[in-house]
1. Do the conditions hold for Ala54, that is, is it at pLDDT 90 or above, surrounded by fewer than 17 Cβ atoms within 10 Å (Cβ to Cβ) and closer than 30 Å to Ser13 by Cβ?
2. Which residue pairs have Cβ atoms under 6 Å apart, sit 6 or more places apart or on different chains, and have a first residue in region 21-36 that is hydrophobic (A, V, I, L, M, F, W, C) and a second that is part of a loop (DSSP other than H, G, I, E, B) and surrounded by 16 or more Cβ atoms within 10 Å (Cβ to Cβ)?
3. Only one residue in Gly45, Gly55, Gly33 is among the small types (Gly, Ala, Ser), within 14 Å of Pro101 (Cβ to Cβ) and in a loop (DSSP other than H, G, I, E, B), so which one is that?
4. What number of residues within region 76-125 are over 30 Å from Gly55 (Cα atoms), open to solvent by 80 Å² or more (accessible area, probe 1.4 Å) and aliphatic (A, V, I, L, M)?
5. Is one or more of the residues making up region 11-30 open to solvent by 80 Å² or more (accessible area, probe 1.4 Å) and either touching a helix residue (DSSP H, G or I) at 6+ places or on another chain (Cβ under 7 Å) or hydroxyl-bearing (Ser, Thr, Tyr) (or both)?
6. Test Ala96 against the stated conditions and say whether it is part of a helix (DSSP H, G or I) and either touching a helix residue (DSSP H, G or I) at 6+ places or on another chain (Cβ under 6 Å) or without any contact (Cβ under 8 Å) to a residue 24 or more places away in the chain (or both).
7. Go over the candidates Ala65, Ala4, Ala71 one by one and state the one that is more than 19 Å from Gly92 (Cβ to Cβ), assigned to a helix (DSSP H, G or I) and among the hydrophobic types (A, V, I, L, M, F, W, C).
8. Take the residues in region 9-30 that are in contact with a Leu (Cβ under 9 Å, 6 or more places away or on another chain) and not in a loop (DSSP other than H, G, I, E, B); name whichever of them is nearest to Asp50 (Cα to Cα).
Amino acid sequence: MAVAGTVLLVLPSALLFPGPLVQQVFAFPTGRGPWQTPAASPLPGRLLADLGPAGWYAAVALLLAGGLAVAVSLVVRPPYGLVSAADRLAAGLCVAFLLAPAGRFGYLALPVTLAVLARLPGGARGGEPLRGRVVRSSRPARPAHAPAVRGDR
């Protein structure tokens, strides 16, 4: 459902104006866009790309292989709950940010934030399945006419 919604939102713009999509999504992270990142983080993809054309191709090949590995892991062993899905997404983002020829250290804050937010108390429980999950309170529901007792929110 999320993929379909994303496609519906992105597809019209991508079809009408493909240039900005290509520049921002593909060219910039690979270091081939009209703008170069001012940060020169010594991440593996950046170090490889700095070796010349062969290094750039090696970095892009590793980036594609990493993306393929994450995709295969999602098919072979889908995440069971919220925490495992967030962890898989965070791992995929780490692979992308580390292997991108124009990667920066600051980008790694996103997967860390994702992994932390998935574990915050009060969120969805990580052990519950993602599909068909019903959110239930740990306390029985109080009728609307019943007086509030200490501890109710």
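1. Details: at pLDDT 90 or above: yes; surrounded by fewer than 17 Cβ atoms within 10 Å (Cβ to Cβ): yes; closer than 30 Å to Ser13 by Cβ: no.
So Ala54 does not fit the description; no.
2. Final answer for the pair search is Ala27/Gly33.
3. Numbers: Gly45 fails: in a loop (DSSP other than H, G, I, E, B); Gly55 fails: in a loop (DSSP other than H, G, I, E, B).
None of the others qualify; the one that does is Gly33.
4. Step one: filter region 76-125 for residues over 30 Å from Gly55 (Cα atoms), giving 76-86, 113-125.
Checking the rest, the ones that are also open to solvent by 80 Å² or more (accessible area, probe 1.4 Å) come to 76-77, 80, 116-117, 119-122, 125.
Retained after the next criterion (residues that are aliphatic (A, V, I, L, M)): 76, 116-117, 120.
Going through region 76-125 one residue at a time, the tally reaches 4.
5. no
6. Details: part of a helix (DSSP H, G or I): yes; either touching a helix residue (DSSP H, G or I) at 6+ places or on another chain (Cβ under 6 Å) or without any contact (Cβ under 8 Å) to a residue 24 or more places away in the chain (or both): no.
So Ala96 does not fit the description; no.
7. Details: Ala65 fails: more than 19 Å from Gly92 (Cβ to Cβ); Ala71 fails: more than 19 Å from Gly92 (Cβ to Cβ).
Being more than 19 Å from Gly92 (Cβ to Cβ), assigned to a helix (DSSP H, G or I) and among the hydrophobic types (A, V, I, L, M, F, W, C) holds for just one of Ala65, Ala4, Ala71, which is Ala4.
8. Of region 9-30, the ones in contact with a Leu (Cβ under 9 Å, 6 or more places away or on another chain) are 10, 13-14, 29-30.
Filter once more, so that each one left must be not in a loop (DSSP other than H, G, I, E, B): 10, 13-14.
Numbers: Val10: 33, Ser13: 33, Ala14: 31 Å.
Filtering first and then ranking leaves Ala14.
The values are calculated or read from the model by the stated rules, or taken from the named source; none is laboratory data. What you are looking at is a predicted structure, and each value in this text was computed from that prediction instead of being measured. Cβ coordinates were reconstructed from backbone atoms using ideal geometry, including for glycine residues, and neighbour counts include every protein chain displayed. These accessible areas exclude ligands, DNA and RNA; they are computed on the full protein's heavy atoms, side chains included. Shrake-Rupley method; radii C 1.70, N 1.55, O 1.52, S 1.80 Å.
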